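So the structure is just underneath, and the comments pick up after that.
The values are calculated or read from the model by the stated rules, or taken from the named source; none is laboratory data. The structure displayed is predicted, hence computed values, not measured ones. Cβ coordinates were reconstructed from backbone atoms using ideal geometry, including for glycine residues, and neighbour counts include every protein chain displayed. For the accessible areas, the whole protein counts, side chains as well, though only heavy atoms, and no ligand, DNA or RNA atoms are used. Shrake-Rupley method; radii C 1.70, N 1.55, O 1.52, S 1.80 Å.
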Amino acid sequence: MRLETLAVHAGGAPDAATGAVTPPLHFATTFRHGPAGERVDGYEYQREGNPTNDRLREAIATLEGGAAALTFASGMAAMSALLESLPAGARVLFPDDCYTGTRVLCGEFLPQRGVMSAAVDMADADAVRAACADGVAVLWAETPSNPRLKLCDIAALADIAHAHGALLACDNTFATPVLQRPLALGADVVMHSTTKYFGGHSDVLGGALVFAREDALFERVAHRLHVTGATMAPFSAWLTLRGCRSLPARMAMHCSNARRVADFLAGRGEIERVNYPGLASHPGHAIAARQMRDFGGMLSLEFRGGREAALRFAGRLNLFTNATSLGGCESLVEHRASVEGAAPVSPQNLLRMSVGLEHIDDLIDDLQRAF
Ligand code: PLP
């Protein structure tokens, strides 16, 4: 079956008890035992397992083509569960351009407990190979990356990781499985902030890991989730499952709107660079065209007039709300450096845009007025 069909039906079998066509929402924290203390219906306690979460896990695993998925309270909880299951002495390589939380987790938190890390330009296979020579347990990819929309070649990174006995994990938040399926390209684990496109309406926090194999790694991370407790709440799982149904349809419009916005902005003299993988001028365009079905709804722009020009432009927009996050129906614009804490790494002249589902002519009018 095609992805659009899977998105509508995966994890969506009618409720066995009532025949309800849409999934029931189970809030129970505890489930009855049998006379010998055994589980009678497969569940025991919500932190360890919940039927609504299981439906979402099935849907996300199906869409990513994985063997199994785990869901978490947030994207960062998902990432932490995987990376914190590494033993002291292991080494993680993470992208030089990536989500701030990833950089802080890998660059600061993991070393505090003896897991080493280094930032690498994942678009440069030679640089990745050289970094692997000092040892690697997990190669962490994020493509397209946040906020500069850098691309890396997932299949090439998988080969490098596997040649060094390492895992390739890929943050697929920006692309979603609609546009890119890292497991089919050789990745071992896919991570999502389901807060973004999966939820799709800026009203539910969540995260997921999808595993190529239901193996010892899966068991280790599932056990960690059970014990440390960053479980996705049932209502969040239910909302996110509902988001799955329209994910392909929404992604199609996010992509077509973003392409038009990128084309418009690329023609403006005030802007030094538009980072959008769909533009032929983008350094990762060829890789994107090969490994993605379309180029996504995210872009960033760098202003010739520096920080002031960027902030002025963001302040003049009406339809694009100045707010963090991405992947909702509404268009957002954000000055990344302002939200990156005490030591920002994003260029001061950069704005990131999450292009929403408004009519494209209204979005272009808003941009035009703001110049
Ligand atoms: N990965 C990417 C690419 C993100 O953009 C974000 C959040 O913005 C995260 C991970 C973290 O996800 P969450 O905010 O759901 O913890």
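Apply the Karplus curve 6.51 cos²θ - 1.76 cosθ + 1.60, θ = phi - 60°, to the phi angles in the range 94-99 and return the couplings in whole Hz, x for Gly and Pro.
Those phi angles translate into 10, x, 5, 10, 7, 4 Hz.
For the range 249-371, what relative contact order do you get, as a whole percent, if you take Cα pairs closer than 8 Å and at least 6 residues apart?
27 percent
Rank these residues by their accessible area, most exposed first, probe 1.4 Å: 45, 197.
Output order, biggest surface exposure first: 45, 197.
Distance between the C-alpha centers of the range 239-298 and the range 311-359? Whole Å please.
15 Å
What does the charge dipole of the range 248-370 about its Cα centre add up to, to the nearest 20 debye, if the Cβ of each Lys and Arg holds +1 and the Cβ of each Asp and Glu holds -1?
Working: 14 positive and 14 negative charges, 61 e Å.
Dipole magnitude for the range 248-370 comes out near 300 debye.
Taking amide H positions as placed in the peptide plane 1.01 Å from N, state which residues far from residue 231 in sequence (5 or more) or on other chains have amide H under 5 Å from it.
Correct list: 73.
Roughly how large, in nm² to one decimal, is the mean projection of the convex hull of the alpha-carbon atoms in the range 248-370?
Projected area, direction-averaged: 7.4 nm².
What is the extension gain from residue 358 to residue 370, computed as 0.36 nm multiplied by their sequence separation minus the C-alpha to C-alpha distance, in nm to one decimal?
Length difference between fully extended and current span is 2.6 nm.
So in the chain, what percent of DSSP beta bridges are antiparallel if you round to the nearest 5?
Percent antiparallel among DSSP bridges in the chain is about 60.
As a test question: what accessible area, to the nearest 10 Å², does residue 18 have when a 1.4 Å probe is rolled over all protein chains in place?
The accessible area of residue 18 comes to roughly 100 Å².
Taking the simple approach of a point 7 Å from Cα along Cα-to-Cβ for both residue 263 and residue 214, what is their distance in nm?
Label-label distance for residue 263 and residue 214, simple model: 4.6 nm.
Measure off, as a whole percent, the carbon and sulfur share of the 1.4 Å-probe accessible area of the chain, all protein chains present.
53 percent
Put +1 on the Cβ of every Lys and Arg and -1 on every Asp and Glu Cβ in the range 248-370; which of 267, 359, 285 then has its Cα farthest towards the positive end of the dipole?
Towards the positive end, the residue furthest out is 285.
List the residues, sorted by chain then number, that are 5 or more residues from residue 142 or on another chain and whose placed amide H is less than 5 Å from its amide H.
So residue 142 has HN proximity to 171.
Identify which of 167, 157, 311 has the largest mean-square fluctuation in a Gaussian network model of the chain, with springs joining Cα atoms closer than 10 Å.
Comparing 167, 157, 311 in the GNM, the peak value goes to 311.
Expressed as a whole number of Å, what is the distance separating the alpha-carbon centroids of the range 34-57 and the range 1-26?
Cα centroid of the range 1-26 versus Cα centroid of the range 34-57: 19 Å apart.
Counting other Cβ atoms within 10 Å of each Cβ, which trypsin sites (Lys or Arg not before Pro) in the range 92-131 have at most 11 and sit in a DSSP loop?
113
With a Cα-only, solvent-free Debye model of the range 134-289, what are the log10 I(q)/I(0) values at q = 0.10 Å⁻¹?
With no solvent term, the Cα-only Debye profile gives -0.43.
If amide H atoms are built 1.01 Å from N in the plane of the peptide, which residues on other chains or at least 5 residues away come under 5 Å of the amide H of residue 167?
The answer is 138, 139.
At a Förster distance of 56 Å, what's the computed FRET efficiency of residue 246 paired with residue 345, Cβ-Cβ distance as r, to 0.05?
Rounded to the nearest 0.05, the efficiency is 0.95.
In vacuum, with every alpha carbon of the chain counted as one equal point scatterer, what does the Debye formula give for log10 I(q)/I(0) at q = 0.08, 0.10, 0.12, 0.13 Å⁻¹? Two decimals, please.
-0.40, -0.63, -0.89, -1.04
In Å², what does the accessible area per residue of the range 248-370 work out to with a 1.4 Å probe?
Dividing the accessible area of the range 248-370 by its residue count gives 42 Å².
From the phi of every residue in the range 207-215, what ³J(HN,Hα) in whole Hz does the Karplus formula 6.51 cos²θ - 1.76 cosθ + 1.60 yield, where θ is phi - 60° and glycine or proline is x?
x, 8, 10, 10, 10, 5, 9, 8, 10
Over the range 3-242, what is the mean sequence separation of C-alpha contacts under 8 Å (at least six apart), divided by residue count, expressed as relative contact order in percent?
24 percent
Apply the Karplus curve 6.51 cos²θ - 1.76 cosθ + 1.60, θ = phi - 60°, to the phi angles in the range 184-200 and return the couplings in whole Hz, x for Gly and Pro.
Values, residue by residue: 5, 9, x, 5, 9, 9, 10, 10, 10, 8, 6, 3, 8, 5, 4, x, x Hz.
Roughly how tilted is helix 360-370, in degrees to the nearest 10 and between 0 and 90, from the longest Cα axis of the chain?
50 degrees
Scan the range 155-262 for trypsin sites (Lys or Arg not before Pro) in coil per DSSP, keeping those whose Cβ has at most 15 other Cβ atoms within 10 Å, and list them by number.
The qualifying sites are 213.
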